[in-house]
Amino acid sequence: MGFVIAIDGPAASGKGAIATRLGALYGLPVLDTGLLYRAVGAIVLQRGGDPDDPRSALAAAEALDPSGLEGESLRGAEIAQAASRVAVHPAVRERLLGFQRDFAAKEPGAILDGRDIGTVVAPQAPAKLFVTASAEARARRRWLELTSAGEEAAYEAILAEIRRRDERDSDRAAAPLTPAADAVLLDTTQLTIDRAFDAARRIVEAARARWEQSQRA
(Lines give C-alpha, C1' and ligand atoms only; values in the text may rest on other atoms or scores of the structure.)
Protein backbone atom coordinates (compact mmCIF):
# COMPACT_ATOMS: atom_id res chain seq x y z
CA MET A 1 0.00 0.00 0.00
CA GLY A 2 1.22 3.48 -0.89
CA PHE A 3 0.54 6.66 1.02
CA VAL A 4 -3.20 6.51 1.76
CA ILE A 5 -5.14 9.41 3.24
CA ALA A 6 -8.39 8.35 4.92
CA ILE A 7 -10.88 11.16 5.50
CA ASP A 8 -14.08 10.46 7.41
CA GLY A 9 -16.84 12.65 8.72
CA PRO A 10 -20.53 13.54 8.51
CA ALA A 11 -22.34 15.23 5.62
CA ALA A 12 -21.30 18.82 4.75
CA SER A 13 -18.35 18.81 7.15
CA GLY A 14 -15.97 19.82 4.37
CA LYS A 15 -14.26 16.47 3.93
CA GLY A 16 -14.98 16.29 0.21
CA ALA A 17 -13.48 19.70 -0.54
CA ILE A 18 -10.47 18.88 1.62
CA ALA A 19 -9.98 15.54 -0.15
CA THR A 20 -10.12 17.21 -3.57
CA ARG A 21 -7.54 19.83 -2.62
CA LEU A 22 -5.24 17.25 -1.06
CA GLY A 23 -5.51 15.18 -4.23
CA ALA A 24 -4.41 18.16 -6.30
CA LEU A 25 -1.57 18.93 -3.89
CA TYR A 26 -0.13 15.41 -3.80
CA GLY A 27 -1.15 14.26 -7.26
CA LEU A 28 -3.13 11.35 -5.85
CA PRO A 29 -6.45 9.92 -7.10
CA VAL A 30 -9.46 10.76 -4.95
CA LEU A 31 -12.51 8.58 -4.32
CA ASP A 32 -15.66 10.06 -2.82
CA THR A 33 -17.05 6.79 -1.50
CA GLY A 34 -20.37 8.48 -0.80
CA LEU A 35 -20.94 8.55 -4.56
CA LEU A 36 -21.03 4.75 -4.55
CA TYR A 37 -23.89 4.73 -2.08
CA ARG A 38 -25.61 7.60 -3.88
CA ALA A 39 -25.40 5.61 -7.10
CA VAL A 40 -26.90 2.57 -5.40
CA GLY A 41 -29.67 4.72 -3.94
CA ALA A 42 -30.31 6.25 -7.37
CA ILE A 43 -30.63 2.81 -8.97
CA VAL A 44 -33.13 1.74 -6.31
CA LEU A 45 -35.22 4.86 -6.92
CA GLN A 46 -35.03 4.47 -10.70
CA ARG A 47 -36.36 0.94 -10.35
CA GLY A 48 -39.20 2.10 -8.12
CA GLY A 49 -37.79 0.22 -5.15
CA ASP A 50 -37.52 1.02 -1.46
CA PRO A 51 -34.05 2.01 -0.15
CA ASP A 52 -35.01 0.48 3.21
CA ASP A 53 -35.53 -2.94 1.58
CA PRO A 54 -32.24 -4.87 1.83
CA ARG A 55 -33.01 -7.03 -1.21
CA SER A 56 -33.72 -4.05 -3.46
CA ALA A 57 -30.61 -2.27 -2.17
CA LEU A 58 -28.36 -5.30 -2.72
CA ALA A 59 -29.70 -5.84 -6.23
CA ALA A 60 -28.88 -2.21 -7.01
CA ALA A 61 -25.37 -2.60 -5.57
CA GLU A 62 -24.81 -5.67 -7.72
CA ALA A 63 -25.89 -3.71 -10.81
CA LEU A 64 -23.59 -0.79 -10.07
CA ASP A 65 -20.74 0.02 -12.44
CA PRO A 66 -18.32 2.05 -10.25
CA SER A 67 -16.39 3.25 -13.29
CA GLY A 68 -19.42 5.12 -14.57
CA LEU A 69 -20.11 7.39 -11.60
CA GLU A 70 -21.32 10.86 -12.52
CA GLY A 71 -21.02 13.17 -9.54
CA GLU A 72 -23.34 16.00 -10.56
CA SER A 73 -26.23 13.66 -11.37
CA LEU A 74 -26.04 12.21 -7.86
CA ARG A 75 -26.11 15.41 -5.80
CA GLY A 76 -29.85 15.82 -5.21
CA ALA A 77 -31.39 15.74 -1.73
CA GLU A 78 -33.62 12.75 -2.55
CA ILE A 79 -30.65 10.69 -3.67
CA ALA A 80 -28.65 11.76 -0.60
CA GLN A 81 -31.41 10.44 1.63
CA ALA A 82 -31.62 7.20 -0.35
CA ALA A 83 -27.84 6.80 -0.06
CA SER A 84 -27.97 7.05 3.71
CA ARG A 85 -30.77 4.49 3.82
CA VAL A 86 -29.12 1.88 1.57
CA ALA A 87 -25.85 2.33 3.46
CA VAL A 88 -27.29 0.70 6.59
CA HIS A 89 -27.55 -2.69 4.86
CA PRO A 90 -24.49 -4.88 5.65
CA ALA A 91 -24.74 -6.74 2.32
CA VAL A 92 -24.57 -3.47 0.39
CA ARG A 93 -21.53 -2.31 2.32
CA GLU A 94 -19.83 -5.66 1.78
CA ARG A 95 -20.56 -5.52 -1.94
CA LEU A 96 -18.91 -2.08 -2.27
CA LEU A 97 -15.99 -2.80 0.05
CA GLY A 98 -13.82 -4.59 -2.50
CA PHE A 99 -13.88 -1.71 -4.97
CA GLN A 100 -12.94 0.76 -2.24
CA ARG A 101 -10.06 -1.38 -1.00
CA ASP A 102 -8.77 -1.87 -4.53
CA PHE A 103 -8.79 1.90 -4.98
CA ALA A 104 -6.91 2.35 -1.69
CA ALA A 105 -4.26 -0.12 -2.89
CA LYS A 106 -3.30 2.05 -5.86
CA GLU A 107 0.33 3.12 -6.13
CA PRO A 108 1.80 5.51 -5.17
CA GLY A 109 -1.24 6.11 -2.96
CA ALA A 110 -4.80 7.35 -2.86
CA ILE A 111 -7.24 9.56 -0.98
CA LEU A 112 -10.64 8.25 0.09
CA ASP A 113 -13.35 10.17 1.87
CA GLY A 114 -16.42 8.68 3.47
CA ARG A 115 -17.66 7.48 6.82
CA ASP A 116 -15.77 4.23 7.48
CA ILE A 117 -12.50 4.67 5.60
CA GLY A 118 -10.19 4.79 8.60
CA THR A 119 -12.10 2.13 10.53
CA VAL A 120 -13.06 -0.44 7.85
CA VAL A 121 -11.92 0.31 4.31
CA ALA A 122 -8.29 1.29 4.98
CA PRO A 123 -7.55 0.84 8.70
CA GLN A 124 -3.80 0.79 7.96
CA ALA A 125 -3.83 4.17 6.21
CA PRO A 126 -0.81 6.26 7.29
CA ALA A 127 -2.91 9.45 7.48
CA LYS A 128 -6.37 9.56 9.01
CA LEU A 129 -8.58 12.58 9.53
CA PHE A 130 -12.05 12.83 11.03
CA VAL A 131 -13.56 16.06 9.73
CA THR A 132 -16.59 17.35 11.57
CA ALA A 133 -18.62 20.49 12.29
CA SER A 134 -21.76 21.37 14.19
CA ALA A 135 -25.04 20.31 12.62
CA GLU A 136 -26.06 23.96 12.39
CA ALA A 137 -22.90 24.94 10.50
CA ARG A 138 -23.27 22.02 8.13
CA ALA A 139 -26.92 22.81 7.46
CA ARG A 140 -26.05 26.43 6.68
CA ARG A 141 -23.35 25.32 4.23
CA ARG A 142 -25.77 23.01 2.45
CA TRP A 143 -28.45 25.74 2.40
CA LEU A 144 -26.00 28.23 0.87
CA GLU A 145 -24.88 25.65 -1.69
CA LEU A 146 -28.45 24.93 -2.79
CA THR A 147 -29.72 28.51 -2.82
CA SER A 148 -26.67 29.79 -4.67
CA ALA A 149 -27.45 27.20 -7.34
CA GLY A 150 -30.95 28.62 -7.67
CA GLU A 151 -32.73 25.83 -5.79
CA GLU A 152 -35.42 26.47 -3.21
CA ALA A 153 -34.34 25.24 0.20
CA ALA A 154 -35.44 25.72 3.79
CA TYR A 155 -32.68 25.86 6.39
CA GLU A 156 -34.77 24.18 9.11
CA ALA A 157 -35.67 21.28 6.80
CA ILE A 158 -32.02 20.81 5.86
CA LEU A 159 -30.97 20.88 9.52
CA ALA A 160 -33.59 18.26 10.41
CA GLU A 161 -32.46 15.99 7.58
CA ILE A 162 -28.79 16.34 8.55
CA ARG A 163 -29.64 15.35 12.11
CA ARG A 164 -31.63 12.35 10.86
CA ARG A 165 -28.78 11.33 8.60
CA ASP A 166 -26.23 11.69 11.40
CA GLU A 167 -28.36 9.44 13.56
CA ARG A 168 -28.72 6.81 10.82
CA ASP A 169 -25.01 6.87 10.03
CA SER A 170 -23.90 6.72 13.67
CA ASP A 171 -26.40 4.13 14.89
CA ARG A 172 -26.25 1.61 12.04
CA ALA A 173 -24.90 -1.81 12.96
CA ALA A 174 -22.62 -2.07 9.91
CA ALA A 175 -19.59 0.24 9.90
CA PRO A 176 -21.11 3.13 11.87
CA LEU A 177 -19.80 6.66 11.52
CA THR A 178 -17.14 6.94 14.23
CA PRO A 179 -13.57 8.24 14.33
CA ALA A 180 -10.78 5.69 14.08
CA ALA A 181 -8.80 5.50 17.30
CA ASP A 182 -5.76 7.02 15.59
CA ALA A 183 -7.59 9.62 13.48
CA VAL A 184 -6.90 13.32 14.00
CA LEU A 185 -10.07 15.29 14.68
CA LEU A 186 -10.54 18.43 12.58
CA ASP A 187 -13.51 20.60 13.56
CA THR A 188 -14.33 22.99 10.73
CA THR A 189 -17.28 24.75 12.38
CA GLN A 190 -15.46 28.08 12.59
CA LEU A 191 -13.11 27.57 9.64
CA THR A 192 -13.24 28.76 6.04
CA ILE A 193 -12.42 26.10 3.47
CA ASP A 194 -8.96 27.62 3.01
CA ARG A 195 -8.21 27.42 6.72
CA ALA A 196 -9.68 23.92 6.96
CA PHE A 197 -7.53 22.75 4.06
CA ASP A 198 -4.41 24.29 5.59
CA ALA A 199 -5.10 22.52 8.88
CA ALA A 200 -5.67 19.23 7.05
CA ARG A 201 -2.49 19.72 5.01
CA ARG A 202 -0.43 20.15 8.17
CA ILE A 203 -1.96 17.01 9.69
CA VAL A 204 -1.20 15.03 6.54
CA GLU A 205 2.34 16.41 6.26
CA ALA A 206 3.10 15.21 9.79
CA ALA A 207 1.68 11.77 8.98
CA ARG A 208 3.58 11.66 5.70
CA ALA A 209 6.86 12.41 7.43
CA ARG A 210 6.28 9.54 9.88
CA TRP A 211 5.29 7.20 7.04
CA GLU A 212 8.37 8.09 4.94
CA GLN A 213 10.59 7.49 7.96
CA SER A 214 9.00 4.06 8.49
CA GLN A 215 9.57 3.23 4.81
CA ARG A 216 13.28 3.94 5.20
CA ALA A 217 13.63 1.91 8.38
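Quantify, in whole percent, the carbon and sulfur part of the accessible surface of the chain (1.4 Å probe; protein heavy atoms only). Summing carbon and sulfur atoms, their accessible area is 50 percent of the total for the chain. The amide H of residue 127, built 1.01 Å from its N in the peptide plane, has 4, 6 as neighbours under 5 Å, considering only residues 5 or more places off or on other chains.
Solvent exposure of the stretch 90-187 amounts to 50 Å² per residue of accessible area, where only protein heavy atoms count and the probe is 1.4 Å. Residues of the chain were split at every exposed loop site, defined as GluC sites (Glu not before Pro) in a DSSP loop with at most 12 other C-beta atoms within 10 angstrom, and the longest piece left, sites excluded, is 71-150.
Karplus-based coupling profile of the stretch 48-55, in residue order and whole Hz: x, x, 10, x, 7, 8, x, 5, with θ = phi - 60° in 6.51 cos²θ - 1.76 cosθ + 1.60 and x standing for Gly or Pro. For the stretch 149-217, the convex hull spanned by the alpha carbon atoms encloses 161 Å³ per residue. At q = 0.18, 0.23, 0.27 Å⁻¹, what base-10 log of I(q)/I(0) does the Debye formula yield for the stretch 12-78 when every alpha carbon is treated as an equal point scatterer in vacuo? Cα-only, vacuum Debye calculation for the stretch 12-78: -0.73, -0.98, -1.17.
Using a cutoff of 8 angstrom between alpha carbon atoms and counting only pairs six or more residues apart, the relative contact order for the chain works out to 33 percent. Per q in 0.19, 0.20 Å⁻¹, report the Debye log10 I(q)/I(0) for the stretch 40-141, using one uniform scatterer on each alpha carbon and no solvent. The Debye formula, applied to the Cα set alone, gives -1.09, -1.16. Principal-axis analysis of the Cα atoms of the chain puts helix 77-86 at an angle of about 80° to the longest axis. Couplings 3J(HN,Hα) of the stretch 160-176, computed from phi: 5, 5, 4, 5, 5, 5, 4, 5, 4, 5, 7, 9, 5, 6, 8, 6, x Hz, in residue order, whole Hz [Karplus 6.51 cos²θ - 1.76 cosθ + 1.60, θ = phi - 60°; x for Gly and Pro].
The values are calculated or read from the model by the stated rules, or taken from the named source; none is laboratory data. Because the structure is a prediction, the values reported are computed rather than measured. So basically every Cβ, Gly included, is an ideal-geometry build from the backbone, and we count neighbours across all protein chains shown. Ligands, DNA and RNA are excluded from the accessible area calculation, which covers all protein heavy atoms including side chains. Shrake-Rupley method; radii C 1.70, N 1.55, O 1.52, S 1.80 Å.
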